[in-house]
Amino acid sequence: MPFIDAAVAAQLVGATVRLATLVELQFASRTMRLWNGVGTADIAGVEWSGIPGPFGAIDGLGQSREPVSEKVTLRLSGLTPEMIAIAKASKADVEGRPAYAWLQLFDKEWQPIGARIPVMWGIM
């Protein structure tokens with residue numbers, strides 16, 4: 001399946017290109033889907049929770065033609081001490097679990113265009 005179909009190609013040549021990063025974290029207890037926007041986004045019938053502005057960041061996503069693993073760091077800020085304590089106590093819920101990242105194009109009204117473009121998959 002090509003990632004650049006006619007609708008995506010038309011959007012890419014426009015004056016405005018809207019792009020978001022989608023991250024799926026498959027914890028043992030539940031799957032969390034996040035995007036770098038505001039509010040909840042419905043993309044192909046799947047809900048993604050927004051983490052806007054400075055509250056979330058992904059470091060280390062890039063393009064490599066080498067068959068090597070690269071370290072990717074997901075950061076959330078604004079967490080309370082209680083939330084940090086829960087995260088630290090939940091090591092078994094996180095370690096060894098899959099994580100994925102995609103890019104998603106949107107039109108002017110922030111409606112998804114085309115399929116998600118895979119960027120990364122890894123193990124937490």
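The values are calculated or read from the model by the stated rules, or taken from the named source; none is laboratory data. Owing to the predicted nature of the structure, the values given are computational and were not obtained by experimental measurement. Reconstructed Cβ throughout: ideal geometry from the backbone, glycine too, with neighbour counts over all protein chains shown.
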**Prompt:** In the range 92-123, how many residues are touching a residue at least 12 places away in the same chain (Cβ under 8 Å), surrounded by fewer than 14 Cβ atoms within 10 Å (Cβ to Cβ) and part of a loop (DSSP other than H, G, I, E, B)?
**Reply:** 4
**Message:** out of contact with any Leu (no Cβ under 9 Å at 6 or more places or on another chain), charged (D, E, K, R) and modelled with pLDDT of 90 or more: which single residue out of 42, 5 fits that description?
**Reply:** 42
